[in-house]
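Read the structure below first, then the notes.
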């Protein structure tokens, strides 16, 4: 039985991401952090088909032992999982505490959404991925980003002195989260904006940004800055550009919002909240080469093709996530999982996943409230399970 959710009054800004509080807060982010609206509900969703094949599916654990698919969903703290094929939901399961109509925080899947927005802006002739970051955000002139290209933000190849320490208490990551209003201010500290924080970041020691473009180094500030780049290039606030250029054209139906800092800057690296069905629709858009169900091009097909075909393999192998996808690559904020099927994925901490398999033509969207933000064993297990589910729904061996 799932651990009971504490009363709402017991959950604060200091512990809203701590389990079991997160089982409530990940679906009620706007009660803890300021948000900017992206979309309101566009109408009722189609009735759920239920778990379908998921209810009868047996998966294989790494040790070879069988596990029922729905048992895996429960043990991995899944809130809602949607399997889609051809734009239709063919299986769906949710935990008893979950409202499928409420937007769920998807953490770093936000990065992949921001990458698609960059592709849209590039297709409109507003953004040059090879241009210097400072062409769009001059305030970065005194930081490591002064010598970085937009492409370095997209591909996580910035030479950046920053550690992604999710449980940090009082260090640089805590300061980062205070700037985005995700953590309470500490006594004696000076409140700062997200942009001001980004402008203080340095490199690993070369002093001249000489290491840009050479090594994959995962750091969320890169994608927050990418959001600012897109915003400045488009001349439109991030939530509005997201709504007008991606959300509405792709046919999203649920409410959506994004967290913002004290200046209204969107948390482009991790603050997007959306329904799990709309997350699946986003995956279907990518699977369909950037085209909506009506056939309209929402994201340039060339951008999606580049995501699939490119990505610096050497930068990935020499990077800090090489063990995650042994045969993988990273391009424009999306992971090529290296499964020999062309599958690409978007991933967020606490168990958020968007998996697209072009062989099976299957999309799996999964939101969760896993207690630990990052766990290598849990990630490896999820990669294994999602691959099996995608193959099973596609009828592939």
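The values are calculated or read from the model by the stated rules, or taken from the named source; none is laboratory data. Note that the coordinates shown come from a computational prediction; the quantities given were computed from them, not determined experimentally. In this analysis, Cβ positions are derived from the backbone assuming ideal geometry, glycine residues included, and neighbour counts consider all displayed protein chains.
Given (1) crowded, with 24+ Cβ neighbours inside 10 Å; (2) assigned to a loop (DSSP other than H, G, I, E, B); (3) not assigned by TED's automatic domain parsing to the domain that holds residue 33, identify the lone condition not met by residue 299.
Evaluating residue 299 over (1) crowded, with 24+ Cβ neighbours inside 10 Å; (2) assigned to a loop (DSSP other than H, G, I, E, B); (3) not assigned by TED's automatic domain parsing to the domain that holds residue 33 leaves (3) as the failure.
How about region 329-345: which of its residues are more than 28 Å from residue 252 (Cα to Cα) and either buried (at least 21 other Cβ atoms within 10 Å of the Cβ) or under 18 Å from the mean Cα position of the chain (by Cα) (or both)?
329
How about region 58-173: which strands (runs of 3 or more DSSP E) wholly inside it have at least 3 residues that are in the same structural domain as residue 254 (by TED's automatic domain parsing) and closer than 22 Å to residue 298 by Cβ?
Result: 78-85.
From 30, 22, grab the single residue that is closer than 15 Å to residue 368 by Cα, at pLDDT 95 or above and out of contact with any helix residue (DSSP H, G or I) (no Cβ under 8 Å at 6 or more places or on another chain).
Only one candidate qualifies: 22.
Any idea how many residues of region 65-74 are under 17 Å from residue 383 (Cβ atoms) and loosely packed, with under 13 Cβ neighbours inside 10 Å?
Final tally of qualifying residues: 0.
Residues to consider are 326, 378, 322, 305; find the one that is under 23 Å from residue 62 (Cβ atoms), in a helix (DSSP H, G or I) and out of contact with any strand residue (DSSP E or B) (no Cβ under 9 Å at 6 or more places or on another chain).
378
Looking only at region 267-289, decide whether some residue is touching a strand residue (DSSP E or B) at 6+ places or on another chain (Cβ under 8 Å), surrounded by fewer than 21 Cβ atoms within 10 Å (Cβ to Cβ) and farther than 18 Å from residue 153 by Cβ.
no
Restricting attention to region 201-221, does a residue exist that is on the phi > 0 side of the Ramachandran plot and under 20 Å from the mean Cα position of the chain (by Cα)?
No, the conditions are met nowhere in region 201-221.
Taking the condition of being more than 24 Å from residue 75 (Cα to Cα), outside any helix (DSSP H, G or I) and in the same structural domain as residue 75 (by TED's automatic domain parsing), how many residues in region 14-36 meet it?
Of the residues in region 14-36, 5 are more than 24 Å from residue 75 (Cα to Cα), outside any helix (DSSP H, G or I) and in the same structural domain as residue 75 (by TED's automatic domain parsing).
I'm trying to understand the selection: among the residues of region 179-194, which are buried (at least 19 other Cβ atoms within 10 Å of the Cβ) and either more than 16 Å from residue 143 (Cβ to Cβ) or in contact with a strand residue (DSSP E or B) (Cβ under 7 Å, 6 or more places away or on another chain) (or both)?
180, 181, 182, 183
Going by the conditions given, is residue 11 touching a residue at least 12 places away in the same chain (Cβ under 8 Å), touching a helix residue (DSSP H, G or I) at 6+ places or on another chain (Cβ under 8 Å), surrounded by 14 or more Cβ atoms within 10 Å (Cβ to Cβ) and not assigned by TED's automatic domain parsing to the domain that holds residue 276?
Considered against the rule, which asks whether it is touching a residue at least 12 places away in the same chain (Cβ under 8 Å), touching a helix residue (DSSP H, G or I) at 6+ places or on another chain (Cβ under 8 Å), surrounded by 14 or more Cβ atoms within 10 Å (Cβ to Cβ) and not assigned by TED's automatic domain parsing to the domain that holds residue 276, residue 11 comes out as yes.
With respect to residue 53, is the statement that it is in contact (Cβ under 8 Å) with a residue 40 or more places away in the chain and either out of contact with any strand residue (DSSP E or B) (no Cβ under 7 Å at 6 or more places or on another chain) or assigned to a strand (DSSP E or B) (or both) true?
Judged against the criteria, residue 53 is not a match.
Residues 378, 326, 315: which one is more than 16 Å from the chain's Cα centre (by Cα), without any contact (Cβ under 8 Å) to a residue 24 or more places away in the chain and surrounded by fewer than 24 Cβ atoms within 10 Å (Cβ to Cβ)?
Checking each option against the conditions leaves just 326.
Any chance you could count how many residues in region 81-107 are surrounded by 24 or more Cβ atoms within 10 Å (Cβ to Cβ) and farther than 14 Å from residue 53 by Cα?
Count: 5.
Quick test for you: out of 198, 225, pick the one residue that is under 26 Å from residue 123 (Cβ atoms), in contact with a helix residue (DSSP H, G or I) (Cβ under 8 Å, 6 or more places away or on another chain), without any contact (Cβ under 8 Å) to a residue 60 or more places away in the chain and crowded, with 22+ Cβ neighbours inside 10 Å.
Only one candidate passes the filter, namely 198.
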